[in-house]
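K.L.:
Dropping the structure in here first, questions after.
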Amino acid sequence: MHDPIHSLAQIFKKLPGIGERQAHRIVYDILAKDKNFTDSFIDQLKKIHDQTIPCPKCFRHFVFDNIEVCDICNNPKINPKTILIVERDTDLTAIARTGIYKGLYFVLGGSVPILAKEPEKIIRLNELFNRVDALIKNGLEEVILATSITPAGEHTDEIIRTYLKNLISQNKIAIKSLGRGISTGTEIEYIDPETFLGALNNRG
Ligand SMILES: [Zn+2]
């Protein structure tokens, strides 16, 4: 017989960091709540797709409100001379929250595992190329790579450097990575303002 507990757990298991046991625990926690909770949960899940879109410039997800681009890309105070590249939306949020960096962003949509083939199908490499190319005409001076200090993050850093190499050198743009004051294993998502400031100042 179809087991809805197991089926729902298999859906939660597809989320990052959720194993079989946690997935089942979440299902039982949901079962312990009343029907208002599940109704509101379903409602919010539907809205998340209907009311948000990825920004066509930086690719972060934002609440679509008749504005074509997100509030960061739309902000006239943003410094268009630098673009900082992160793996995920949560990395961007963490860095933006520090209030230290004042330039543009780009969200790759993940990182490339070391043995993975066709990285352009895993992260937004073509989109990044086109974005940097377009920004060069508006006075872009520097690309800052802020991938995680993990094997996949460092591999992604190298892939981007190779991919943008000609474009960067032909236009005399600097390409730098966050300083390695950040310890190995650091996910940008959890970076504190002090560590981020040190890493930004020590970029190279
Ligand atoms: Zn944007």
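No lab work stands behind these numbers, since they all come straight from the coordinates. On a predicted model such as this, the values are computed, not experimentally measured, just so you know. FYI the Cβ positions are ideal-geometry reconstructions off the backbone, even for glycines, and counts take in every protein chain you see.
K.L.:
Mind checking Rg over Rh on segment 43-102, alpha carbons, Kirkwood formula for Rh?
P.N.:
Values: Rg = 12.5 Å, Rh = 12.7 Å.
Reported Rg/Rh, Kirkwood definition of Rh: 0.99.
K.L.:
Rounded to the nearest 500 deg cm²/dmol, what is the calculated helix-only ellipticity per residue at 222 nm for the chain, with -39500 (n - 2.57) per DSSP H run of length n ≥ 4? The partial results should precede the final answer.
P.N.:
Numbers: 7 runs with 89 residues, N = 204.
For the chain, the value works out to -13500 deg cm²/dmol.
K.L.:
While we're on this one: Compute a Gaussian network model of the chain, connecting alpha carbons closer than 10 Å, and tell me which residue from L125, L31, L140 fluctuates the most.
P.N.:
Residue with maximal mean-square fluctuation among L125, L31, L140: L31.
K.L.:
Sticking with this structure for a sec: Using the count of nearby Cβ atoms within 10 Å as a rough guide to exposure, how do T156, T82, T38 rank from fewest to most? Display every interim value, and only then the final one.
P.N.:
On the way: T156 27, T82 19, T38 12.
Listed from fewest to most nearby Cβ atoms, that is T38, T82, T156.
K.L.:
For segment 113-204, which trypsin sites (Lys or Arg not before Pro) are both in a DSSP coil and crowded by at most 11 other Cβ atoms within 10 Å? Could the numbers behind the result be given before it?
P.N.:
Working: sites: K117, K121, R124, R131, K137, R161, K165, K172, K176, R180, R203; in loops: K117, R124, K137, K172, R180, R203.
Answer by residue number: K117, K137, K172.
K.L.:
Treating each Cα of segment 1-149 as an identical point scatterer and ignoring solvent, apply the Debye formula and state log10 I(q)/I(0) at q = 0.11, 0.17 Å⁻¹.
P.N.:
-0.59, -1.07
K.L.:
Grab every C-alpha pair in segment 89-169, bin the distances at 5 angstrom width from 0 up to the longest one, and report whole percents.
P.N.:
In whole percents, the pair-distance histogram is 3, 13, 25, 25, 21, 11, 3, 0.
K.L.:
Still on this structure: Provide R88, R25 in ascending order of the number of other Cβ atoms located within 10 Å of each residue's Cβ, fewest first. Intermediate results must be reported in sequence, preceding the final value.
P.N.:
Values: R88 19, R25 14.
Least crowded to most crowded, the residues run R25, R88.
K.L.:
A follow-up question, please. Please state, as a whole number in µm²/s, the translational diffusion coefficient that the Stokes-Einstein equation yields for segment 61-201 at 4 °C and 1.567 mPa s, with Rh defined as the Kirkwood radius across alpha carbon pairs.
P.N.:
Working: Rh = 15.5 Å.
In µm²/s, the coefficient rounds to 84.
K.L.:
Next question. Could you pull out every whole DSSP H run in the chain that spans at least 24 Å of Cα extent along its own axis and averages 1.0 or higher on the Kyte-Doolittle scale?
P.N.:
Numbers: long enough: 151-170 (29 Å, -0.59).
Span-like helices in the chain: none at all.
K.L.:
If you don't mind, there's one more thing I want to ask. Which value, in Å to one decimal place, does the Kirkwood hydrodynamic radius take for segment 79-125 when every pair of different Cα atoms is included? Mind dumping the intermediate values first?
P.N.:
Numbers: mean 1/r = 0.0855 Å⁻¹.
Evaluated on segment 79-125, it is 11.7 Å.
K.L.:
Magnitude of the Cβ-charge dipole of the chain, K/R +1 and D/E -1, about the Cα centre, nearest 20 debye? Mind showing how you got there, number by number?
P.N.:
Values: 26 positive and 26 negative charges, 90 e Å.
Value, rounded to 20: 440 debye.
K.L.:
With a/c under 1.5 counting as rounded, go ahead and sort segment 4-50 into rounded, prolate or oblate using the C-alpha gyration tensor (a ≥ b ≥ c being the square roots of the eigenvalues; past the cut-off, prolate if a/b is larger than b/c, else oblate). Before the final figure, lay out each step's value.
P.N.:
Numbers: a/c = 2.38, a/b = 1.28, b/c = 1.85.
Since a/c reaches 1.5 but b/c is at least a/b, the shape of segment 4-50 is classed as oblate.
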